[in-house]
Amino acid sequence: MDNNKTFEDNLLWDGIYQKVGRCVVLFQKIELLFKYAVTRGCFSLVVSTNPSKIAPIDQLKNNANSLSQKTMGCVGRLFCDRILTDNIYSTDDKELSKDEIRLNVSIKFGTNEQQISWKNKIESIITERNKLVHHLFNTFGFNTKEEFSKAGIYLDDIYNDALSLYNELTELTNFIPELIKNGFSNIPNIFVINDLYNTPFEKELIVMMQYYAELRIKFKNSDGWTNLADTGTFLSKQCPAALKECKTKHKTKSLKIIIEKFGLFEIKSTGENKQNITFRIKPDYWIEKDTENQLFICKKLPDSDGYIKDDLGMSLVNEPTTTNH
């Protein structure tokens with residue numbers, strides 16, 4: 001409250017401040033939605049079989065970071081240029097080496113007529129945002145009640161228009177993950193691969209499970225399917241801390257539920273009551289060890305001889321000791 005103003009004047013100004021504030025907050029929310037849509041709906045990735053190259057997930061993070069300080073006007077126009085367009089956008093046109101492939105992903109929304117309508121609405125909101133932030137006091141004098149009333153109506157109109165855009169953007173961005181999931185259903189989910197097993201305990205569990213499965217193949221001529229109960233006993237002896245931490249993280253005592261979350265293994269139940277649960281690593285995955293015993297999870301690229309590697313950040317210098325082969 002300004003003590004130099006009357007009580008009535010302070011009420012008028014408080015109304016303006018509140019309406020300006022809610023508009024600014026809404027503009028910031030719209031800005032975040034633009035950034036989300038641009039970084040996830042339009043990107044270019046270079047995938048390499050060389051583990052020393054920048055990983056796809058890090059490329060996406062760098063792309064997102066490049067927009068983190070951009071203004072609403074800038075990212076709004078990027079949204080129009082990259083999402084509301086038929087043109088395939090690529091951030092990188094440099095020549096690829098023989099161990100690299102480039103994936104360009106561009107999501108298009110709406111018909112041409114709908115895109116034009118969106119662009120006009122976005123440009124109008126950007127213009128009004130700039131007018132509100134930079135020229136509000138040049139537009140209204142705030143010397144009379146009538147001026148306050150006109151400014152209030154103006155701010156209400158801006159808010160309602162921005163809210164309409166915000167609701168449409170929210171609906172659109174909520175749909176992006178499903179579009180990407182469907183679009184990438186037949187190729188590796190390379191840009192979220194680390195989210196499947198992002199702790200050292202999970203990585204250790206995966207390595208030890210596959211190690212035990214390979215022991216079974218070596219010593220028992222297994223067909224690739226390994227008994228889950230036997231594996232649980234092995235893990236309890238070889239990596240009890242990792243097993244305990246994974247149970248805590250995933251809030252379950254079930255090893256079956258834990259490995260289902262990894263997305264790396266097939267699981268089947270056999271027997272009269274389906275109590276014999278077995279698992280094996282999916283055909284397109286394998287664990288690879290380099291000359292320095294560093295471990296990687298590899299995944300075959302579909303319809304090609306290429307594959308991608310995810311560094312597990314661990315090594316297996318000494319083989320675990322077990323007598324239960």
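The values are calculated or read from the model by the stated rules, or taken from the named source; none is laboratory data. For clarity, every value in this text was computed on a predicted model and none was experimentally measured. Because the Cβ atoms are built from the backbone with ideal geometry, glycine has one as well, and the counts that use them run over all protein chains shown. In case anyone asks, the SASA skips ligands and DNA or RNA and just uses the protein heavy atoms, side chains included. Shrake-Rupley method; radii C 1.70, N 1.55, O 1.52, S 1.80 Å.
Just a few scattered comments:
- Whole-percent carbon and sulfur share, accessible surface of the stretch 213-252, 1.4 Å: 50 percent
- Surface calculation, 1.4 Å probe, protein heavy atoms: residue 135 sits at approximately 90 Å² accessible.
- Across the stretch 80-85, rounded Karplus estimates of 3J(HN,Hα) from the backbone phi angles (6.51 cos²θ - 1.76 cosθ + 1.60, θ = phi - 60°) give 5, 6, 9, 9, 8, 7 Hz, Gly and Pro being marked x.
- A probe of 1.4 angstrom, applied to the heavy atoms of all protein chains, finds residue 13 with accessible area near 40 square angstrom.
- Entry comment: accessible area of the stretch 122-185 is 58 Å² per residue, from protein heavy atoms only and a probe of 1.4 Å.
- The stretch between residue 272 and residue 101 holds 56.8 nm of extra length on full extension. This uses 0.36 nm per residue minus the Cα-Cα distance.
- Counting only heavy atoms of the protein chains and using a 1.4 Å probe, residue 289 has close to 100 Å² of accessible surface.
- In this structure, the pairs whose alpha-carbon distance is over 32 Å, taken from 249/300; 274/309; 5/131; 53/282; 70/261, are 274/309; 70/261.
- Pairwise FRET efficiency - residue 171 versus residue 150, Cβ, R0 = 30 Å, nearest 0.05: 0.40
- Per residue accessible area in Å² of the stretch 1-80, where ligands, DNA and RNA are left out and the probe is 1.4 Å: 53 Å²
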